[in-house]
Every structure is written in C-alpha cells, then in structure tokens.
Amino acid sequence: MIRLPVQLAAAQPGWTVRADVIVVGSGIAGLATALHARRAGRTVLVITKAQVNEGSTRWAQGGIAAALAEDDSPAEHLEDTLLAGVGLCDEEAVRVLVTEGPGAVRGLIQLGARFDTEPDGGISLTREGGHHRDRIAHAGGDATGAEISRAMVEAIARDPGIELVENALALDLITDETGAAQGITLHVLGTGQRDGVGAALAPTVVLATGGFGQVFRQTTNPYVSTGDGVALAMRAGADVADLEFVQFHPTVMWLGPFAQGQQPLVSEAVRGEGAFLIDAEGTRFMTSEHEMADLAPRDVVAKAIMRRMRATSTDHVWLDARHLGADMWVQRFPTILESCRSRGIDPITDLIPVSPAQHYVSGGVLTDLAGRTSIPGLYACGEVACTGVHGANRLASNSLLEGLVFAGRIGAQIYRGLRVVRDPILPSHTDQRLLPHQVRRRVQTTMDRHVGVLRSSESLQLASTELNALAATEQGKPIAEDWETTNIATIATALTRHAALREETRGSHWREDFPDQNDAQWQVRLVSNLNSDGTLTTRTVPRSGVSYSDGRQA
Ligand code: SIN
C-alpha cells in the first residue's frame with residue numbers, strides 16, 4: 001500500500017510571523033471566523049492560497065438557506081436537512097445550524113451584504129432541491145456568493161487587526177510538546193522577507209480551506225480547491241470523517257467528454273423557478289422518480305440522470321428552462337445566462353445540456369459542535385470540516401450557512417480566552433517525497449472513472465492500484481503544485497478506502513454491488529487517521545456525539 005507523506009516542509013522555515021489566531025482560507029467560513037476573533041480582541045492572520053476572493057464562496061450561485069419566512073420554521077428546515085442526509089446527519093449539529101442560521105444571515109446583512117428583496121422590502125426567498133419551503137436567500141439574482149464575498153472582504157479590509165497574506169499555501173501544522181497546535185508552515189510566493197517556506201505561529205489555528213473538488217477531473221470547484229486543509233489535518237494525525245460522501249451536482253453544463261477542471265454550474269434555483277429535466281428522447285423523467293420531481297434531493301436527481309444516460313446511451317440530459325422567459329433569465333439568472341451564451345447556448349430558446357459533476361464534499365476534518373478537532377487548538381470550519389450537518393448528502397444551500405454558523409461557534413471559543421503559547425516544534429528536515437505535479441491528471445482521471453457517481457468493489461480496487469502505482473513516480477525540486485498534487489493524492493487514497501469499506505448505497509455514495517441502504521450495519525461514520533509511518537487507520541464511530549477538548553478546562 002502507498003505510504004503517504006506525513007510532513008511537507010522540506011527545511012527549517014526561513015521566516016516567522018506571529019498572531020493570536022491564524023485562519024487558513026478566505027471564503028465565508030474563514031472571513032466570518034476572522035471577524036469573530038476580532039470581536040474577541042485577538043490579532044488575526046488570514047492566510048489564503050491565491051487572491052482573497054478566489055475560493056468557492058464567490059462561485060456560489062443559488063444562495064443561503066435559512067428559515068426566514070413567516071410560514072417557515074427551524075424545525076421544518078431541520079426535517080428537510082435530516083431527510084436529505086439519509087439517516088447519517090448528527091441531529092444536534094443540524095439543530096445548531098437551523099436555529100442559529102436566521103440570526104447569522106441577518107448578521108451578514110448588517111455587515112453589508114445586499115440580498116435580493118421583494119417590493120415590500122422583505123428578503124426574496126426561493127426554493128431548491130429537497131426544501132419543502134421557500135427559504136433560499138439570494139443576491140444579484142444568481143451571484144449570491146460573489147456578493148457575500150464582496151461584503152466580507154470589505155469588512156476585513158477595514159480592520160487593521162486582521163493581516164491578510166495572499167499567495168500562501170498552508171503546508172503542515174506546527175505543534176508543541178503537548179501535541180497542541182502552535183501554528184503552520186506555509187509556502188508564500190511573495191517578495192522580500194516573506195518568500196518561500198515560513199512559519200506562522202499562533203496557539204489557535206482555524207482551517208477554512210474549502211473542499212477538494214480538484215481531486216476529480218470535472219468539478220464545479222475553482223482551481224484552488226485541492227483539499228489543502230484536509231490533507232494538512234491528516235498529516236497532523238487529526239480525525240477525518242465521511243470522505244466517501246462526495247456530492248455530484250445534477251445540473252453542470254456538459255461541455256463534452258474531454259472537458260476538465262472547473263465546469264459551469266447551472267444552479268438548482270433554475271429548477272426552483274420551474275425548469276425541468278428531459279432525456280435524449282424528450283421525456284420528462286423526474287416526475288416518475290420522486291414526489292418532489294425535479295426538486296428532489298440532489299443525490300436522487302443525480303442518480304436518476306445517470307440511469308437515464310445509461311438507458312439512452314448518452315453522456316448528458318437536457319435542462320428545459322425556455323419557458324422561464326427572457327425577463328426571468330435576465331433579472332434572476334444573469335450569471336448563468338452569460339455563462340450559457342458565452343458557450344453558444346441561449347437558454348431562452350435552447351435546451352441546456354447537463355450532466356452530474358463533482359460539486360461538494362460532505363466529509364472532512366471531524367469537528368464537534370464548537371468547531372474543535374481532535375487536535376487541541378486546531379479548529380475547522382466550512383467545507384473543510386465535517387460537523388455532521390450534511391450526513392450522506394448535503395441539502396442545497398446549507399453550505400454557506402454552515403460556514404457562517406460554525407464560524408460564530410469557533411468565535412465563542414476564541415472569546416473564552418487565549419490558549420497557552422508554548423514553544424513550537426519546528427520541522428527540521430524530511431526525506432519524504434512529494435508527488436510531482438505531472439501526475440495530477442492521472443489522479444483526477446482515476447477518481448472520475450472509478451470513484452465517481454457510480455462505484456463498485458472492482459472500480460475501487462482499480463483506483464487503489466492506480467493510486468499505489470503513483471508512489472513510484474520520480475520527483476524533482478519541489479514546487480507549490482507538487483504539494484497540492486500530494487494533497488490531492490492523499491485525500492484520493494483515503495476517500496477510495498472509505499468508499500470501498502462502506503458496502504451499501506446511501507445518499508451520495510452509490511455502490512453498484514451493494515445497491516441497498518443498510519441501516520443495521522452502516523448508520524455509522526467512517527473515521528480515518530494517517531499514522532506517522534504514512535499508513536491509514538480507519539474505524540467506525542456513532543453518527544452523533546462527537547466531543548473534543550481544546551486543552552482548556554470547560
Ligand atoms: C446551486 O446553486 O445549485 C448550488 C447551491 C448549493 O450547492 O448549495
């Protein structure tokens with residue numbers, strides 16, 4: 001079996017920077033945490049891999065779900081979230097999400113985010129798959145993430161207590177003699193004193209690095225989503241969970257069999273406004289699949305599309321949104337309209353070719369309800385985290401909300417007081433080899449082919465063999481892309497292991513050889529740890545009741 005690298009920084013860091021709190025990532029989860037930490041009076045260093053707004057948040061189209069309408073309630077939002085999660089959500093975590101959600105969205109508005117409104121001034125709410133109420137708040141029609149990102153970036157820029165370091169790839173966690181977090185090593189493509197590998201020191205480190213869509217060849221995620229936070233946490237020995245639950249969005253614009261990298265999303269909100277799917281023969285097929293038809297939970301729609309594509313021997317189906325009319329398209333979906341037109345499709349008169357592609361990961365670094373991980377002082381927030389709110393399949397538009405709500409909970413921990421600063425144990429050397437960036441496509445193609453929407457013991461064995469073979473690849477002088485490729489391969493290996501062990505079909509995990517849901521055996525989570533010798537240990541744990549300590553008294 002492949003031995004995964006357990007340390008990436010090749011030499012003693014060349015420079016050091018200090019703060020009270022380090023936040024790694026600058027999407028909604030990271031920036032919300034930074035703002036909370038400032039309210040607690042802490043100095044904050046936000047480290048981000050590219051430019052501040054280049055993560056997944058700004059690509060979010062549909063919106064943010066919260067029980068804001070008079071005819072809605074957190075209890076109903078809870079019910080829809082649990083149903084979508086197919087028996088694997090942590091109910092307490094979902095309760096936190098849905099009860100604290102409305103206040104968190106109002107806080108975002110106070111910060112300056114401008115949501116679309118009705119003529120009476122109330123927030124305009126729409127519906128997406130799996131929701132029984134209109135509860136998705138949106139901005140700029142279909143540019144919700146971009147508006148949230150704008151408001152948050154402006155807010156952190158106004159605060160001199162937050163320092164932003166861009167073009168900085170987080171490498172490894174730095175710990176102290178007790179095993180608690182004391183910072184990270186990072187690689188900065190910068191100028192002057194902060195260039196190359198350095199150390200950022202703080203007794204509180206919050207991972208908010210987003211997902212790992214780039215583990216797959218076709219994803220809606222931007223190029224930065226290489227799972228750096230999950231891989232960093234794994235190398236530090238943290239618990240990671242639910243990695244097998246990778247969500248494939250049903251309606252990603254189909255650009256042909258050779259398309260790779262970030263693919264254009266056609267938001268579920270388009271179906272929320274009345275669009276529907278048809279197959280190659282022009283038949284509307286979701287009406288016979290589920291009582292919610294085209295607005296069934298995401299895994300149901302993705303699976304139905306896959307079955308239809310097989311039955312009709314095609315590689316895509318069609319989204320019919322012509323009847324929405326020009327006004328709706330221009331006002332409600334300007335981003336998607338432009339995205340379609342730039343590819344020669346006019347959705348006002350043409351059908352849109354769509355097929356499922358990787359979109360979101362429900363699993364990640366396991367946390368408790370306070371965002372704490374199994375390593376004292378290390379927190380995780382947003383898509384990088386596995387809080388248990390998504391279970392086996394995330395309900396549409398719950399992801400921005402999760403980042404916002406759990407950032408507040410981490411903020412409450414930071415508010416309790418500064419953790420103890422101890423001498424950091426800095427990495428001295430490593431003889432561990434990184435995977436060269438040239439193998440990235442091989443990993444992605446392997447994952448698309450064998451660990452995608454449809455999985456079987458045979459396909460997972462093929463993936464495992466392919467991934468093991470990569471260990472023999474020669475590598476030259478490391479560059480940032482090698483670190484990212486190593487992160488991708490590390491996650492791919494653990495994900496494949498989880499998918500092979502979970503011998504059932506549930507939510508976004510679809511096993512052809514185990515087509516049924518098996519509650520008697522599998523209403524549990526798979527948790528993995530990367531050992532210091534580079535091997536993986538995987539165990540099952542109950543789906544709820546995770547509790548960690550951050551090294552302080554309760
Ligand atoms: C979408 O707009 O369809 C995506 C929303 C989400 O991923 O929650």
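The values are calculated or read from the model by the stated rules, or taken from the named source; none is laboratory data. It should be emphasised that the depicted structure is a prediction, and the values quoted were computed from it without experimental measurement. Here Cβ is always computed from backbone atoms with ideal geometry, including for glycine, and neighbour counts include all displayed protein chains.
Applying the selection to region 240-279, what residues are of a type in the set (Asp, Glu) and within 16 Å of the ligand (Cβ to nearest atom)? Within region 240-279, 268, 273 qualify.
Hey, does region 296-309 have a residue that's away from the ligand (no atom under 16 Å from the Cβ), surrounded by fewer than 24 Cβ atoms within 10 Å (Cβ to Cβ) and assigned to a loop (DSSP other than H, G, I, E, B)? Checked region 296-309: no residue is away from the ligand (no atom under 16 Å from the Cβ), surrounded by fewer than 24 Cβ atoms within 10 Å (Cβ to Cβ) and assigned to a loop (DSSP other than H, G, I, E, B). The numbered conditions (1) part of a strand (DSSP E or B); (2) in contact with a Phe, Trp or Tyr (Cβ under 7 Å, 6 or more places away or on another chain); (3) β-branched (Val, Ile, Thr); (4) more than 16 Å from the ligand (Cβ to nearest atom) are all true for residue 365 except (2).
Is region 39-52 home to any residue that is surrounded by fewer than 18 Cβ atoms within 10 Å (Cβ to Cβ), of a type in the set (S, T, N, Q) and within 22 Å of the chain's Cα centre (by Cα)?
yes
Looking across region 280-295, just one residue is more than 12 Å from the ligand (Cβ to nearest atom), within 29 Å of residue 215 (Cβ to Cβ) and among the hydrophobic types (A, V, I, L, M, F, W, C), and that is 286.
Limited to region 176-216, what total is found for residues that are polar (S, T, N, Q) and more than 26 Å from residue 493 (Cα to Cα)? Even if it seems obvious, please write down each step before you answer.
Residues of region 176-216 polar (S, T, N, Q): 178, 182, 185, 191, 193, 204, 209, 214.
Imposing the further condition that a residue be more than 26 Å from residue 493 (Cα to Cα) reduces the set to 178, 182, 191, 193, 204.
The qualifying residues number 5.
When the test is whether a residue is of a type in the set (S, T, N, Q), modelled with pLDDT under 95 and in contact with an Asp or Glu (Cβ under 9 Å, 6 or more places away or on another chain), residue 528 does not pass it.
Condition check: away from the ligand (no atom under 16 Å from the Cβ), part of a helix (DSSP H, G or I) and under 22 Å from the mean Cα position of the chain (by Cα). Does residue 403 satisfy that? Talk me through it step by step, then tell me what you get.
Working: away from the ligand (no atom under 16 Å from the Cβ): no; part of a helix (DSSP H, G or I): yes; under 22 Å from the mean Cα position of the chain (by Cα): yes.
Against the criterion (away from the ligand (no atom under 16 Å from the Cβ), part of a helix (DSSP H, G or I) and under 22 Å from the mean Cα position of the chain (by Cα)), residue 403 does not qualify.
Output yes when any residue across region 146-162 is buried (at least 16 other Cβ atoms within 10 Å of the Cβ) and of a type in the set (Ser, Thr, Tyr), and no when none is. Checked against the condition, which is being buried (at least 16 other Cβ atoms within 10 Å of the Cβ) and of a type in the set (Ser, Thr, Tyr), region 146-162 yields at least one hit.
Would you call residue 211 in contact with a Leu (Cβ under 9 Å, 6 or more places away or on another chain) and either closer than 27 Å to residue 60 by Cβ or touching a residue at least 12 places away in the same chain (Cβ under 8 Å) (or both)? Can you show your working first?
Numbers: in contact with a Leu (Cβ under 9 Å, 6 or more places away or on another chain): no; either closer than 27 Å to residue 60 by Cβ or touching a residue at least 12 places away in the same chain (Cβ under 8 Å) (or both): yes.
Answer is no for this residue.
All told, residue 34 falls short of being assigned to a helix (DSSP H, G or I), of a type outside the set (S, T, N, Q), buried (at least 24 other Cβ atoms within 10 Å of the Cβ) and touching a Gly at 6+ places or on another chain (Cβ under 7 Å).
I'd like to verify a number: residues in region 262-293 that are among the acidic types (Asp, Glu) and without any contact (Cβ under 8 Å) to a residue 40 or more places away in the chain, how many? Working first, answer last.
Restricting attention to region 262-293, the residues satisfying the condition of being among the acidic types (Asp, Glu) are 268, 273, 279, 281, 289, 291.
With the extra rule that they be without any contact (Cβ under 8 Å) to a residue 40 or more places away in the chain, the set shrinks to 279, 281, 289, 291.
Looking only at that region, the number is 4.
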